Structures are given as C-alpha cells and as structure tokens.
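Beneath this line is the structure, given in structure tokens, with notes to follow.
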Amino acid sequence: MKIKKFKKNFNDSITDELVLFLEINEELGFENYSQGFGLLRDDKSGIATWSENPDFLDKLMPFAQANCSGSMYAIWNNDENKSLNELPVVVFGDEGGYHVTAKNIFELMQLLTFDTEITVDHEEVYFYKDEDYEESEGLAEYKLWLKETFNLNTVDNADEAHSILENAQKIYKNDFDKWVSQYYSE
C-alpha cells in the first residue's frame, strides 16, 4: 500500500512515525508479524455500521485490522488537540463491543509484540495465548525494529498487555463510552 493511500485514513495528514509503521508493515507483510493484525486503507464503511452520523465518523480514523474475524483499530480524535501519535487507539469488535486499547499508537505497537489476536466482546477486551501458540514469522524482526526505531520494549506476557489496556482505559474509557453512546447503544 502506498503512503498516499494510507494517509486517507487520517484525512490526508500523517506523522513520520506512522509512515515508518506502514513501511515495516509492508516489509514484513499483513498478519505476518502479529497475529491477525495489519495496516490497511479504510473507507469507514465498517465503522459506519456502528453509526452513520457524520460527527461519529469524523472523530474516528480506522487504520488497521485488529483480528482475523473483522475487528478494527481506529484512532479516536477526542478533541484534546494532541498530535495523531498521541491520540488514543480504540477497537471495535466484529461481534460487538468497543473499547479503548492504548493511550497512543506507540502503546499499540508494543501490544503487537505479544503476537496474539485481540479478543473483543461487549464487556471486555483482552489478549490471550493458548498452548497451541506459534510465533509469527516476522515477529523477531518487528521487535528489533520497534526497539531500534522508537526504543520501545516488547510485551512478553498477558499481564503486561493487560496493564497497557487497563492504564489506557483508566484515562479514556469513561469519556469514550459516553461519547460513543451519543451515536450507538448496544
């Protein structure tokens, strides 16, 4: 995918860090460095199934597949006048449920090193590895890239992943839930 196409997810504005993220995604391959994950060009048709209200759609920037079953990651513009890199990352589940997952794009990049699909339901969101887990082909290279490019550590266990999710939710969950409820109710 070309940068020009990917930029459309963010209203034709993109940060250098997101460009680097796209480049490593293209180099390693869609779903090839973190299970179920891949950056994509999104036309908001998926998020529009939650609400077609322009105020809802204008504040969400879907940019990635979150799992193989259709959940999606989006950056939420919560009007705090932060850069694109600093805005919270949210997930909308393919079977319902929406949750804050990371305080920013860097935390999402770290969560991807846990190398398992996110589980999203109405009440909760979490990462889990079962005994059949097999490491993604490009994971080692992705981890090295993340450390060398942004000096970010990896997430090595479910407790670390849970801590990132929990901290992001402490900050943004109430505001996000209140905001979404203006446009959608389960």
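The values are calculated or read from the model by the stated rules, or taken from the named source; none is laboratory data. In this text, all values refer to a predicted model and were calculated from it rather than measured experimentally. Reconstructed Cβ throughout: ideal geometry from the backbone, glycine too, with neighbour counts over all protein chains shown. Side chains are part of the model used for accessible areas, which takes the heavy atoms of the whole protein and leaves out ligands, DNA and RNA. Shrake-Rupley method; radii C 1.70, N 1.55, O 1.52, S 1.80 Å.
Key figures
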quantity: Long-range neighbours under 7 Å by Cβ, at least six apart or interchain, first residue in contact (Cβ under 8 Å) with a residue 12 or more places away in the chain within the stretch 1-22, second polar (S, T, N, Q); calculated: THR15/SER83; THR15/ASN85; GLU17/ASN85; LEU20/THR149
quantity: Residue that is nearest to GLU27 (Cα to Cα), among those in the stretch 139-169 that are out of contact with any strand residue (DSSP E or B) (no Cβ under 8 Å at 6 or more places or on another chain), touching a residue at least 60 places away in the same chain (Cβ under 8 Å) and open to solvent by 40 Å² or more (accessible area, probe 1.4 Å); calculated: GLU141
quantity: Tally of residues being within 11 Å of ASP156 (Cα to Cα) and open to solvent by less than 10 Å² (accessible area, probe 1.4 Å) across the stretch 99-111; calculated: 1
quantity: Residue pairs meeting the criteria (Cβ under 7 Å; at least 6 apart or on separate chains; first over 25 Å from ILE118 (Cα atoms), in the stretch 52-69; second open to solvent by 70 Å² or more (accessible area, probe 1.4 Å)); calculated: none
quantity: Qualifying positions in the stretch 113-133 - open to solvent by 70 Å² or more (accessible area, probe 1.4 Å) and either closer than 30 Å to SER185 by Cα or modelled with pLDDT of 95 or more (or both); calculated: HIS122, GLU123, GLU124, TYR126, TYR128
quantity: Matching entry among LYS178, LYS173, LYS143, LYS147 (being in contact with a His (Cβ under 8 Å, 6 or more places away or on another chain) and modelled with pLDDT of 95 or more); calculated: LYS173
quantity: Residue that is farthest from THR113 (Cα to Cα) [pool: residues in the stretch 22-35 that are in contact with a strand residue (DSSP E or B) (Cβ under 7 Å, 6 or more places away or on another chain) and open to solvent by less than 10 Å² (accessible area, probe 1.4 Å)]; calculated: LEU22
quantity: Odd one out for TRP76, checked against (1) in contact with a Lys or Arg (Cβ under 8 Å, 6 or more places away or on another chain); (2) crowded, with 22+ Cβ neighbours inside 10 Å; calculated: (2)
